[in-house]
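To keep things clear, I will list the structure first and then write my remarks on it.
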Amino acid sequence: MRVLLTGGSGFVGRYVLKALQHQGIEVVTVGRARPQPSARFIEADLLSITDFGPLVQQAQATHLLHLAWYAEHGKYWTSPLNLRCAEATTRLVEAFCAAGGQLVVIAGTCAEYDWAHGYCREDSTPLNPATLYGAAKDATRRLVMAVCAQHQVSCAWGRIFLPYGQGESASRLIPSLIDVFRGERAPFGVNATAYRDFLHASDVAEGFVRLLTTGASGAYNICSGEPVRLAEVVRTLASLLGADPEPVLALNTERPGEPPLLVGENLKLKALGWRPALTLAQGLERTFHGEKS
């Protein structure tokens, strides 16, 4: 097996690359920046390529694990770059399949679901994305599944819920809370009573590797399956940093459009033998103290 990995220098991608290498799987990475840990690297801007054939031929990969997507915090929900990512993904998959690729695994998102349902079941909760990002991902899934079916290539689509860990954007919730409890930024309000589904990025990575190594096909949720109140996240982080959670909890803020519950069912991934290795408390401690803790 030789895996062509896109997005290997991104937040989740770094964990995926590490997990692949830990299992001794040969990896060829492609992107604008060489990822760490180092691997065979092809420098390319996926959004600028007009013909993916030469790239696929150069990689000579049997499996494609595609994570790359525009993900600038606060902007990706509405960015027109989502449309370019959808096109580039579809064309990459078409070239990979045409060159004899054996398996395609792609990163999707919980934003494809209708969040009004709260609990997202893999094969029954409606797909009704409320954002351009979610709509672009859902459309891409439909396109690449059709391309793969036409070429008789298996395709697995992994919908990521709320990943966290070292290396995520400093503007995201957990790094921002850590800064608050370190005294490095002012307290801000969270929707403390809302329930969310958090999964450490290392467990997200293992989910993708499991899809890859089992030759899975279809759509899978990559999530903890455990609803956790945001107030609990606040209190756990405050405890880890020896801080008082009340300055944040006192600013309890309900944001328009945010569902009271957003959690995924993960029975299909568990049926493949995958299980999260870290509890939320363990994952938050590792995030704060470092990956070797």
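Rule-based calculations on the coordinates, nothing more; no lab input. Only a predicted model underlies this, so the values are computations on that prediction, with no experimental measurement involved. Using ideal geometry, Cβ is built from the backbone for each residue, glycine included, and neighbour counts are taken over all protein chains shown.
Arranged from fewest to most other beta-carbon atoms within 10 Å of their beta carbon, L46, L240, L103 become L240, L46, L103. Restricting attention to the chain, close to 10% of DSSP beta bridges with both partner residues there are antiparallel. Measuring r between the beta carbons of A170 and E87 and using R0 = 35 Å, the FRET efficiency lands at 0.70.
So the label point goes 7 Å from the Cα of A250 along Cα→C-beta, right? Which residues of segment 153-180 then have their backbone N under 17 Å from it? Correct set: 180.
Net length available on complete extension from L47 to L240 is 65.4 nm, with 0.36 nm assigned per residue and the Cα-Cα distance removed. Taking a point 7 Å from the Cα of T78 along the Cα-to-Cβ direction, the residues of segment 130-150 with backbone N closer than 13 Å to it are 131-133. If R0 is taken as 25 Å, the Cβ-Cβ distance between Y70 and Q150 corresponds to a FRET efficiency of 0.40. Each Cα pair of segment 1-108 feeds into the Kirkwood radius, which the Stokes-Einstein equation turns, at 20 °C and 1.002 mPa s, into a diffusion coefficient of 154 µm²/s. If R0 equals 25 Å, the separation of the Cβ atoms of A33 and T62 corresponds to a calculated FRET efficiency of about 0.55.
For segment 223-262, the dipole from Cβ point charges (+1 on Lys and Arg, -1 on Asp and Glu) about the Cα centre works out to 40 debye, to the nearest 20.
Among all stretches of the chain without exposed trypsin sites (Lys or Arg not before Pro) (DSSP loop, at most 14 other Cβ atoms within 10 Å), which one is longest? Result, exposed sites excluded: 186-291.
For segment 62-221, the share of DSSP beta bridges that are antiparallel, to the nearest 5, is 5%. Take the Cα radius of gyration of segment 178-293 and divide it by 2.2 N^0.38 Å, N being the number of residues; the result is 1.21. Inter-part distance, segment 86-104 to segment 32-63, computed on C-alpha centroids, equals 13 Å. Between the helical axis of 132-151 and the longest alpha-carbon principal axis of the chain there is an angle of about 30 degrees.
Take the Cα of Q102, step 7 Å toward its Cβ, do the same at H289, and the gap between the two points is 4.1 nm.
Mean sequence separation of contacting Cα pairs (under 8 Å, at least six apart), scaled by the length of the chain, corresponds to a relative contact order of 18 percent. Sequentially through segment 281-288, phi angles give Karplus couplings (6.51, -1.76, 1.60; θ = phi - 60°) of 4, 5, x, 5, 5, 5, 4, 7 Hz, Gly and Pro residues having no value and appearing as x. Computed about its Cα centre, the charge dipole of segment 85-197 is approximately 100 debye, with only Lys, Arg, Asp and Glu carrying charge at their Cβ. Sparse packing (at most 11 other Cβ atoms within 10 Å of the Cβ) combined with a DSSP loop state is found for the following GluC sites (Glu not before Pro) in segment 49-119: E72. By the count of other C-beta atoms within 10 Å, a proxy for reagent exposure, D45, D114, D138 are ordered fewest to most as D45, D114, D138. Beta-bridge orientation, segment 160-275: approximately 25 percent antiparallel, per DSSP, counting only bridges with both partners inside. As a length-normalised measure over Cα pairs under 8 Å and 6 or more apart, the relative contact order of segment 151-273 settles at 37 percent. Remark: the A139-E258 segment gains 40.6 nm on full extension, using 0.36 nm per residue and subtracting the alpha carbon distance. The simple spin-label model puts a point 7 Å past each Cα toward its Cβ; for T131 and D179 those points are separated by 1.8 nm.
Annotation: amide H of R2 within the under-5 Å range of T62, H63, sequence separation 5 or more or interchain, hydrogens built in the peptide plane.
Computed from the Cα positions only, the extents of the chain along the three principal axes stand at 57, 39, 36 Å, in decreasing order. Unpaired Cys in the chain, meaning no second Cys C-beta under 4.7 Å: C85, C97, C110, C120, C223. With the cut-off at under 16 Å, measuring from each backbone N in segment 253-277 to a point 7 Å along the Cα-to-Cβ line of A186 picks out 253.
Taking other Cβ atoms within 10 Å as a rough exposure proxy, M1, M145 sort from fewest to most as M1, M145. If only the Cβ of Lys and Arg carry +1 and only the Cβ of Asp and Glu carry -1, the dipole of segment 184-268 around its Cα centre is close to 160 debye.
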